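The values are calculated or read from the model by the stated rules, or taken from the named source; none is laboratory data. Please read these numbers as outputs of a predicted model, since none were measured by experiment. Cβ placement follows ideal geometry from the backbone for every residue including glycine, while neighbour counts extend to all protein chains displayed. Accessible surface is based on the protein model in full, side chains and every heavy atom, while ligands, DNA and RNA are left aside. Shrake-Rupley method; radii C 1.70, N 1.55, O 1.52, S 1.80 Å.
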Amino acid sequence: MGECRSLVVGESVVIVEQESGRRVRLLGTSWQSRNVEYWLRRFGISCGYLFMAACMSLFVYWLLYIVVTEAQSWTRVLLLSVVGVVVLSSFVHAFRSIARTPEERADGQPAAFRSDNRLFGPPSASSGATAGLLGYAGSVIAAFLITFVSMFVVGHVVVMFLISFQRYATVEEYLAVREWEGSR
């Protein structure tokens, strides 16, 4: 992986190692040197997750506000209970999705969402088009759907923000570092 070349400076020979590791999604090759560029990218990732978590939390708050102000007596209690259970199950599912096996934990792998743990199953080809059309129209239905769906995903977004502070941002970065260190 790492190529070495020599550079003659004056009377001494300096060996320069070029970093030519694989590219990691969102981090490029900055994971090798962990310089300012790397930490700015990690900061940006964390800020992005924080922004998404704040938006999702705001949507859930908005939904709760509507339920509390518009619903009457027992209907309010029932709706608040349903929203509470859905939001809590979102967090439970999110933390279960990042659970590591004992082998992964002993190996030092970071906690991360697995690609086979999807909240609603594999996406269909038409689901993105439908959501895009509703969002583009800016309809009241789209706003309601975004608010409604945010209850189910707020836990995942908050957990993504929390795991962005690990030593390695992703499992892909961890594996790239192990592979790079093994080749040195």
**Request:** Quickly work out the R23-to-V83 label distance, labels modelled 7 Å from Cα along the C-beta direction, and quote it in nm with one decimal.
**Result:** 4.4 nm
**Asked** If you take the beta carbon distance between E179 and H93 as r and set R0 to 35 Å, what does 1/(1 + (r/R0)^6) give as a FRET efficiency, to the nearest 0.05?
**Response** 0.65
**Asked** Using heavy-atom solvent-accessible surface (probe 1.4 Å) with all chains present, what is the largest-first order of M160, M52, M151?
**Response** M52, M160, M151
**Message:** Using a 7 Å offset from Cα along Cα-Cβ at Q166, what residues in region 88-106 end up with backbone N under 18 Å from the label point?
**Reply:** 91-106
**Fill in**
Using a 1.4 Å probe on heavy atoms of the protein chains only, the accessible area for L64 in Å², nearest 10, reads 60 Å²
